[in-house]
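Heads up, the thing below is written out as structure tokens.
The values are calculated or read from the model by the stated rules, or taken from the named source; none is laboratory data. Please read all numbers here as calculations on a predicted model, not as lab measurements. Positions of Cβ are backbone-derived with ideal geometry, glycine not excepted, and every protein chain shown enters the neighbour counts. Just the protein is used for accessible areas: all its heavy atoms, side chains included, with ligands, DNA and RNA removed. Shrake-Rupley method; radii C 1.70, N 1.55, O 1.52, S 1.80 Å.
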Amino acid sequence: KRAKFQGSPDKFNTYVTLKVQNVKSTTVAVRGDQPSWEQDFMFEISRLDLGLSVEVWNKGLIWDTMVGTVWIALKTIRQSDEEGPGEWSTLEAETLMKDDEICGTKNPTPHKILLDTRFELPFDIPEEEARYWTYKLEQINALGADSEYSIQEEIQRKPLPTAAAQCWYNI
């Protein structure tokens, strides 16, 4: 949705990149220390054990520099068919990796970003699959932040239907 940066407003001409499951999308660049992008992005999600990487970049004449990044575990994203107010996140300076996958961020910066993330079921799936996915997403939503959800264990018990959930992001 928007951000709040520390520093001179004329120092910032920023854009946001979103990365999930090897897919990347980018906003337009906006000037100022309180940019508002208000752009929506939708991704098809098939693996809930991954996360959404959000990077804020400052456009430069020769090269761009990263302002900060935040990583959101997909299993922590709520299910909803409607846009919400969003949640402020502190941008971090570094990305944490494990087995060639991003697994978190560290070293907070003074910058913040407002993100609204949600899972929404695809429009074109049969009613039985929609009920299944709604149930699964509600189970994930019911988990506390400290709870562990193992998609691998779930798959071993019962294979997932073929349709994937759609995940909306509003920057």
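Listing for the model above:
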{"read-out": "Residues within region 85-101 that are under 14 Å from the mean Cα position of the chain (by Cα) and over 11 Å from THR69 (Cα atoms), tallied", "value": "3"}
{"read-out": "Some residue of region 48-57 being modelled with pLDDT under 90, part of a loop (DSSP other than H, G, I, E, B), out of contact with any Asp or Glu (no Cβ under 8 Å at 6 or more places or on another chain) and within 20 Å of GLU120 (Cα to Cα)", "value": "yes"}
{"read-out": "Output for region 85-124, where each listed residue is acidic (Asp, Glu) and open to solvent by less than 80 Å² (accessible area, probe 1.4 Å)", "value": "GLU92, GLU94, ASP116, GLU120"}
{"read-out": "Unmet requirement for GLN21, which otherwise passes all of (1) on the phi < 0 side of the Ramachandran plot; (2) surrounded by 15 or more Cβ atoms within 10 Å (Cβ to Cβ); (3) in contact with a strand residue (DSSP E or B) (Cβ under 8 Å, 6 or more places away or on another chain)", "value": "(1)"}
{"read-out": "Extreme residue, nearest to the chain's Cα centre (by Cα), among residues of region 33-60 that are open to solvent by less than 50 Å² (accessible area, probe 1.4 Å) and more than 16 Å from ILE77 (Cβ to Cβ)", "value": "GLU55"}
{"read-out": "Condition broken by VAL30, with the remaining ones in (1) without any contact (Cβ under 8 Å) to a residue 40 or more places away in the chain; (2) open to solvent by 40 Å² or more (accessible area, probe 1.4 Å); (3) in contact with a Ser or Thr (Cβ under 7 Å, 6 or more places away or on another chain); (4) not polar (S, T, N, Q) satisfied", "value": "(2)"}
{"read-out": "Which listed residue is surrounded by 11 or more Cβ atoms within 10 Å (Cβ to Cβ), at pLDDT 70 or above and under 19 Å from the mean Cα position of the chain (by Cα), from TRP168, TRP71", "value": "TRP71"}
{"read-out": "All strands (runs of 3 or more DSSP E) inside region 1-47 with 3 or more residues being closer than 18 Å to ASP116 by Cα and among the β-branched types (Val, Ile, Thr)", "value": "13-20"}
